[in-house]
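Report on one structure; see the data block that follows.
We did not get these values from a lab; they are worked out from the coordinates using the rules stated. It should be emphasised that the depicted structure is a prediction, and the values quoted were computed from it without experimental measurement. Virtual Cβ from ideal backbone geometry, glycine too; neighbours counted across all protein chains shown.
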Amino acid sequence: MGAALAIPKTTVFSGDAYKNFELKAAALLITLISSHPLWCGNKRGPWLALNALLYLNGKLIEAYDLIVGIATDNHDTEGIGSWLVKRLTSAI
C-alpha cells in the first residue's frame, strides 16, 4: 500500500515520472486497483483515494466505469490520464 501511495511522487533522472497531475492520479489509481492491497474494497478504496487526491487539489470527478475498467485489466496510464483531463471539474 505504501509503495502504491508513493507512485505519484516517482522521479526518473531527477524529473517527475508522470508529466502532469492527471497522469499522477492515473498511476495511483491503476496501482491501487491492480496490486489489490486491501483484503476487501479493491475498487472502493482506490476510488476514495482518487477522490481524496482530486479534492485536495481542487478537483472533482465521477468515474464508476473507469474503476470497473481498470479492475478488469483495461488500463494504461496515458489513456486514463487523457480521460481524466477531459472530465475533471473544479471542486470549488
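Laid out as a table, the results:
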| item | result |
| --- | --- |
| Label-point separation, SER14 to TYR64 (7 Å along Cα→Cβ), nm | 4.8 nm |
| Charged-residue dipole, Cβ positions (Lys, Arg, Asp, Glu), the chain about Cα centre, Debye nearest 20 | 220 debye |
| Neighbourhood charge, 10 Å Cβ-Cβ cut-off, centred on ILE67 and excluding it, Lys, Arg +1 and Asp, Glu -1 | +1 |
| Sequence-separation-based contact order of the chain, relative, with Cα cut under 8 Å and 6+ spacing, percent | 31 percent |
| Net charge, GLU22 excluded, C-beta distance under 15 Å - Lys, Arg +1, Asp, Glu -1 | +2 |
| Kirkwood estimate for the chain, i.e. one over the average of 1/r between Cα atoms, Å | 13.2 Å |
